[in-house]
Amino acid sequence: MNAKLKLFSYNMADTFIHRLSGVTKLVCFLLLTFAVMFSYDIRVILGMMVLSIILMRMAQIRFSQIRLMLVYVLIFLLTNAIISFFFSPEQGVKIYGTKHAFAEVWGISLTWEQVFYQVTKFFKYASVVPLGMIFLLTTNPSEFASSLNGVGVNYKAAYAVALTLRYFPDVQRDYHDIYLAQQARGLELSSKAKFFDRFKNSLLIVIPLIFSTLDRIEVISNAMDLRGFSKSKTRTWYTSRKLSRQDVLALVVSAVLLLFTVAVSVFINRSRFYNPFI
Amino acid sequence: MSEPAIIEFDHFTFQYYSQAEPTLHDINLKIYPGEKILIVGPSGSGKSTLGHCLNGLIPFAYRGEIQGSLKIQGLETRDLDIFKLSKVVGTVLQDSDGQFVGLTVGEDIAFALENDNVPTAQMRERVAKVAQMVDMDSLLSSSPFELSGGQKQRTSLAGVMIDDVDILLFDEPLANLDPATGKTAIEIIDDIHKRSHKTILIIEHRLEDVLHRGVDRVIVINDGHIIADLNAHELVSSAVLVDNGIREPLYVTALKYAGVKVTSEMKPGHITTLSTELSGHALQLWHEKVKTAAPENRNPSVLAMENVSFSYDGKRPVLQEINFDIREGEMVSVVGKNGAGKSTLSKLLCGFEKEDRGRILYRGEDIRDKSIKERAEIIGLVMQNPNQMISKPMIFDEVALGLRMRQVPEEQIAERVDKVLKVCGLAPFKSWPISALSYGQKKRVTIASILVLDPKILILDEPTAGQDFRHYTEIMEFLVEINRMGVTVILITHDMHLMLEYTPRAIVLAGGRKIADTAASVVLTDAEVIREANLKETSLFALAQLAGIPEGTRFVQGFIDYERGLKNR
Amino acid sequence: MKDLFKVNTKTIVATGLGAAIFTLLFMFVKVPSPVPETSFQTAYGVSAFFATLFGPIAGALIAFIGHALSDAIQYGTPWWSWVIASGVSGFIFGLAFKRTKVEEGEFKGKDILTFNIIQIIGNAIAWVVVAPLLDIIIYQEPASLVFTQGITAAIMNIVSTGVIGTLLLIAYAATRTKKGSLSKG
Ligand SMILES: Nc1ncnc2c1ncn2[C@@H]1O[C@H](COP(=O)(O)OP(=O)(O)OP(=O)(O)O)[C@@H](O)[C@H]1O
Ligand SMILES: Nc1ncnc2c1ncn2[C@@H]1O[C@H](COP(=O)(O)OP(=O)(O)OP(=O)(O)O)[C@@H](O)[C@H]1O
Ligand SMILES: [Mg+2]
Ligand SMILES: [Mg+2]
């Protein structure tokens, strides 16, 4: 594993998007994500995708920051496309209710409906990715927990997220050190070992990691109790920000986009699907 | 004192749920507002337990049985809860990493205010003010990984001070701090005491370091009983420290060697108050008498680094151009500031990390291609953090693990493990689970688990952290013994006493570079090195000056040789 | 029964750190299975372990946060259907909280059985019901595909949760001390 991996490469640029409060960004992210997850209309989905790519530009996100993620996403989407074709080549026909075959491979007929369904699905999956990236790469981790609390998540659950972000690098470093310490005690960890041995060996690392974490949980929760955590029903946040006019604007625009998506489905398509075949 | 006590233990006894015996017995103790108290005692004597009773972790977080009474500001603590107590008692835990819960310094300082629903704007103002008091105002948005040990400690301090509590409790504030940062920590605590008149309790093994600034009383605990409650001068001149296995200040030991009877009239509690009118002459005589004879080690080289550089992230160098050569059978210490790269150096030697440039030689041969496992046959490393090494729930199995992996027959294992457990003072706990041990005891388990493998070269990263004098001496004497049989020992330490006493040679790191490599006694008298590497001048040196002995270095060396002579007899 | 959902500071800290471990294991520590191109997720063994010690809320949040975070690091955004399913599995694992004697230092026959029955139910509901249904609702994935995927995932996760969770709990039980049991000797 790569010990040098960074959590998020949060970039400190000062753009319109960075200046939005964490709560705003979280709410907008959720509204827009919901919109693309709801809609099965490729026009809406592509529109949303173009919008989010423009936003990415505005946030000065560099390609190098997201290259690796894109590779993973593409691998995932292509595998999904292939498997889902072989599992159910008629899925498109079932959804759109017509059948326009244009070719045949190994006895399976290729239909335009299936192509359209799979292309739509491809973009539907893909279009949430830039939204997520913008949110992750422009939100200061410190602001994240207070934003969750700001949108109504219980503050204790929100603080659990803050603790995860705080201690992830520590856990990662511990894991690496334990891995090395075990090798120094004589543990063979090469990939040549048999399946069962490799399984046993990974336990030899996971067990100390967990037990040292249990000790640490005790110390941290004592430290938090001593400083009054969870004594009242609410708490304030050092990092929370007041909503500015820009925040309100962003929220309104996102809400309108969601309503628009729903309206397109209800009034124009009369279903979640856009059906060009009838 | 006419004022009522702020803390009052009355026939107080406490027994942990899982223990067969009480840990605190019949404690009677009164502490008055504005006092500054130091609590000392051997490892496992119940110091932290006493602290937990004050801040409410007992009985809130640790189950057990309480008898007698404990009143804070006149209120019985068992009627309060931990939140009410946290308004009165602020605790700085030993583990500054565990204490640091925020993602940044600012958030961490603000933590208590956040929980109190203080509005954000007001919170920022107060954080800025407190941060300034501990000199952290320029680092408010730094994350814990970017901070040194000392800076984390300052953050913890600010985090409890922000709540304006009346009592501050510090549990081993100096463990893991380099000597200079430790000194600063004591100064900050003292400044807070002088400025705010808060009641302050410090639990600490490093007696001499705490006595750098004045304390009103020292309370000695052993085995759950209060053994003594004296001022520093009386304590140091009594037999209490020696009897309870606590390290007395070095300059006091030197005075005793010189045949001086240390009395409380000499004000020996602090080196700054010590009067040497009566003893100066005796010291001079003794100094002349001591023969210094450090035989030079002329064995062939066993481990060397040549121009080694390393960085974790490829950007910030952690070690630069390191060169050294360690001879077979040497005992060497590596010292330097927090974050200087000492632990990193040990990881490179064991192959945990790979050097970016340069070579590491074992008996003159480059070991670049040797795997971690192969290196481990030669070099044993005891890591700084015991939790990273422990992988079995039971003590015996943990120590036996390495032997089992090397397919040693089970009867031999039992014998070897028993012997090592005895050396490390763990024999009584042989069948205990590791989770029931104190920090110091866990550290000894990891030392045992490496010692049992009989490595040719032994590297110990902070072996004495959290250890009391008695156990520390036992372990160190064992190391000396195996060192005589030819094992090379490298100690990474912040403990200047340890370096002076046991390692003739010291390698000093600062900012990733080697800045000195010479006799330990010379290191500690070189003002430039001391400043650059955050070390601290030994009190022996100050004593020599007080007694009008000009060659301070030789005086220090003489002390060490004399002590070694005593031990070898 | 109310006790099952009690949340104190320790639960929160356990959740935060548990999720950090979950994230790490989820991304890096997969044990390759004898079936090619698949691997066992050690992370679910860990979420089941924490859920048994700290309850359903901790279990659900650990798997939910951990899965969402590792997705976000790898893909830039969480895949909500699977993240939610993970959360559901963690929640159900948490029903083993206070049903075993592991805190008293005993984790044998009957306890092992209880734990494993609960984890099998949890994995089955999460992967054979919740995840496929969400995939169908959100993405209109073909049912045959998502149920096949779901059943495979359920089997793999049942094995790894069962083996790793059980071993961790046995190891944990060995570290628990009984009342008045510790004396030097
Ligand atoms: N949670 C616990 N459960 C049972 N026994 C405990 C617990 N914590 C401490 N003890 C026992 O109580 C005794 C005193 O422990 P304590 O931590 O107070 O020692 P200490 O004086 O602070 O030691 P050190 O200097 O090593 O920190 C030890 O023998 C230890 O084993
Ligand atoms: N695994 C790691 N990844 C990245 N940086 C690290 C890692 N380990 C240590 N560092 C950094 O390298 C520097 C040297 O650390 P190291 O632990 O070697 O210091 P040290 O001299 O042992 O300090 P201390 O006296 O506090 O133990 C520090 O700035 C530290 O933050
Ligand atoms: Mg202690
Ligand atoms: Mg170190």
Original post:
When the residues of segment A:138-183 are filtered to those that are at the interface with another protein chain (Cβ under 7 Å from one of its Cβ atoms) and among the charged types (D, E, K, R), which remaining residue is surrounded by the most Cβ atoms within 10 Å (Cβ to Cβ)?
Top reply: A:ARG166
**OP:** For segment B:213-228, name all the residues that are open to solvent by 50 Å² or more (accessible area, probe 1.4 Å) and closer than 23 Å to B:LYS194 by Cβ.
**Re:** B:ARG213, B:ASP216
Original post:
Is there a residue in segment A:216-234 that is more than 7 Å from every other protein chain (Cβ to nearest Cβ) and surrounded by 19 or more Cβ atoms within 10 Å (Cβ to Cβ)?
Top reply: no
Original post:
What is the residue count in segment B:354-378 for residues that are within 11 Å of another protein chain (Cβ to nearest Cβ), of a type outside the set (Lys, Arg) and closer than 19 Å to A:HIS176 by Cβ?
Top reply: 3
**OP:** Kindly indicate whether any position in segment B:551-559 is among the aromatic types (Phe, Trp, Tyr), in a helix (DSSP H, G or I), at pLDDT 85 or above and touching a strand residue (DSSP E or B) at 6+ places or on another chain (Cβ under 9 Å).
**Re:** no
**OP:** Mind listing whichever residues of segment A:90-125 are more than 10 Å from every other protein chain (Cβ to nearest Cβ) and part of a helix (DSSP H, G or I)?
**Re:** A:VAL93, A:TYR96, A:TRP112, A:GLU113, A:GLN114, A:VAL115, A:PHE116, A:GLN118, A:VAL119, A:PHE122, A:PHE123
**OP:** Taking the residues in segment B:158-178 that are under 15 Å from B:VAL335 (Cβ atoms) and either away from ligand 4 (no atom under 16 Å from the Cβ) or open to solvent by less than 10 Å² (accessible area, probe 1.4 Å) (or both) as candidates, determine which candidate is farthest from the chain's Cα centre (by Cα).
**Re:** B:ASP178
Original post:
In this structure, is B:VAL165 touching a Gly at 6+ places or on another chain (Cβ under 7 Å) and not in a helix (DSSP H, G or I)?
Top reply: yes
Original post:
Which one of the conditions (1) out of contact with any helix residue (DSSP H, G or I) (no Cβ under 9 Å at 6 or more places or on another chain); (2) away from ligand 1 (no atom under 15 Å from the Cβ) does B:SER238 fail to meet, given that it meets all the rest?
Top reply: (1)
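Quickly run through segment B:32-46 and pick out the residues that are open to solvent by less than 10 Å² (accessible area, probe 1.4 Å) and either within 16 Å of ligand 4 (Cβ to nearest atom) or closer than 30 Å to B:LEU426 by Cα (or both).
Listed by number, the residues that qualify are B:LEU38, B:ILE39, B:VAL40, B:GLY41, B:SER45, B:GLY46.
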**OP:** Filter segment C:130-185 down to the residues that are touching a Pro at 6+ places or on another chain (Cβ under 6 Å) and closer than 18 Å to B:LYS392 by Cα, then identify the one that is modelled with the highest pLDDT.
**Re:** C:ALA171
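Listed here are the residues, each with its yes/no results for (1) modelled with pLDDT of 90 or more; (2) under 28 Å from the mean Cα position of the chain (by Cα); (3) within 16 Å of ligand 3 (Cβ to nearest atom).
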| position | (1), (2), (3) |
| --- | --- |
| B:LYS261 | no, no, no |
| B:PRO268 | no, yes, no |
| B:THR273 | no, yes, no |
| B:HIS287 | no, no, no |
| B:PRO300 | no, no, no |
| B:LEU319 | yes, yes, no |
| B:GLU330 | yes, yes, no |
Original post:
Only one of (1) farther than 27 Å from A:PHE144 by Cα; (2) away from ligand 3 (no atom under 16 Å from the Cβ) fails for B:LEU140. Which number is that?
Top reply: (1)
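Identify, from the list B:MET383, B:MET389, the residue that is within 13 Å of ligand 2 (Cβ to nearest atom), assigned by TED's automatic domain parsing to the domain that holds B:ILE447 and modelled with pLDDT under 90.
Criteria check complete, one pass: B:MET383.
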Original post:
Filter segment B:388-400 for residues that are open to solvent by less than 40 Å² (accessible area, probe 1.4 Å), assigned to a helix (DSSP H, G or I) and not hydrophobic (A, V, I, L, M, F, W, C); which is nearest to the other protein chains (Cβ to nearest Cβ)?
Top reply: B:GLN388
Original post:
Quick one: which helices (runs of 4 or more DSSP H) sit completely within segment C:78-185 and have at least 3 residues that are within 14 Å of another protein chain (Cβ to nearest Cβ), touching a strand residue (DSSP E or B) at 6+ places or on another chain (Cβ under 9 Å) and not basic (Lys, Arg)?
Top reply: C:143-160
Original post:
Is one or more of the residues making up segment B:428-447 touching a Cys at 6+ places or on another chain (Cβ under 6 Å), among the charged types (D, E, K, R) and not assigned by TED's automatic domain parsing to the domain that holds B:LYS567?
Top reply: yes
Original post:
Out of all the residues in segment B:47-58, which are open to solvent by less than 20 Å² (accessible area, probe 1.4 Å) and either in a strand (DSSP E or B) or within 15 Å of ligand 3 (Cβ to nearest atom) (or both)?
Top reply: B:LYS47, B:THR49, B:LEU50, B:GLY51, B:CYS53, B:LEU54, B:ASN55, B:LEU57, B:ILE58
Original post:
Can B:LEU70 be described as under 23 Å from the mean Cα position of the chain (by Cα) and modelled with pLDDT of 90 or more?
Top reply: no
**OP:** Can you give me the ranges of the strands (runs of 3 or more DSSP E) entirely in segment B:407-521 with at least 3 residues that are crowded, with 20+ Cβ neighbours inside 10 Å?
**Re:** B:457-461, B:488-492, B:505-510
**OP:** Name the one entry in B:LEU381, B:LEU403 that is open to solvent by less than 40 Å² (accessible area, probe 1.4 Å) and either assigned to a strand (DSSP E or B) or of a type in the set (Asp, Glu) (or both).
**Re:** B:LEU381
**OP:** Filter segment C:72-115 for residues that are within 17 Å of C:THR15 (Cβ to Cβ) and of a type in the set (Gly, Ala, Ser) and give the result.
**Re:** C:SER86, C:GLY87, C:SER89, C:GLY90, C:GLY94, C:ALA96
Subject >> Yes/no for B:ARG316 being more than 16 Å from ligand 4 (Cβ to nearest atom), within 14 Å of another protein chain (Cβ to nearest Cβ) and over 26 Å from B:MET496 (Cβ atoms) >> reply: yes
Subject >> Contacts under 7 angstrom Cβ, first residue in segment B:322-348 being within 14 Å of B:ALA519 (Cα to Cα) and within 14 Å of chain A (Cβ to nearest Cβ), partner modelled with pLDDT under 90 and within 16 Å of ligand 3 (Cβ to nearest atom), 6 or more apart >> reply: none
Subject >> Conditions (1) touching a helix residue (DSSP H, G or I) at 6+ places or on another chain (Cβ under 8 Å); (2) under 26 Å from C:THR11 (Cβ atoms); number of the one not met by B:ARG63 >> reply: (1)
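The values are calculated or read from the model by the stated rules, or taken from the named source; none is laboratory data. Please read all numbers here as calculations on a predicted model, not as lab measurements. Glycine gets a Cβ as well: all are built from the backbone with ideal geometry, and neighbour counts include every protein chain shown. Just so you know, the surface numbers come from the protein's heavy atoms only, side chains and all, with ligands and any DNA or RNA stripped out. Shrake-Rupley method; radii C 1.70, N 1.55, O 1.52, S 1.80 Å.
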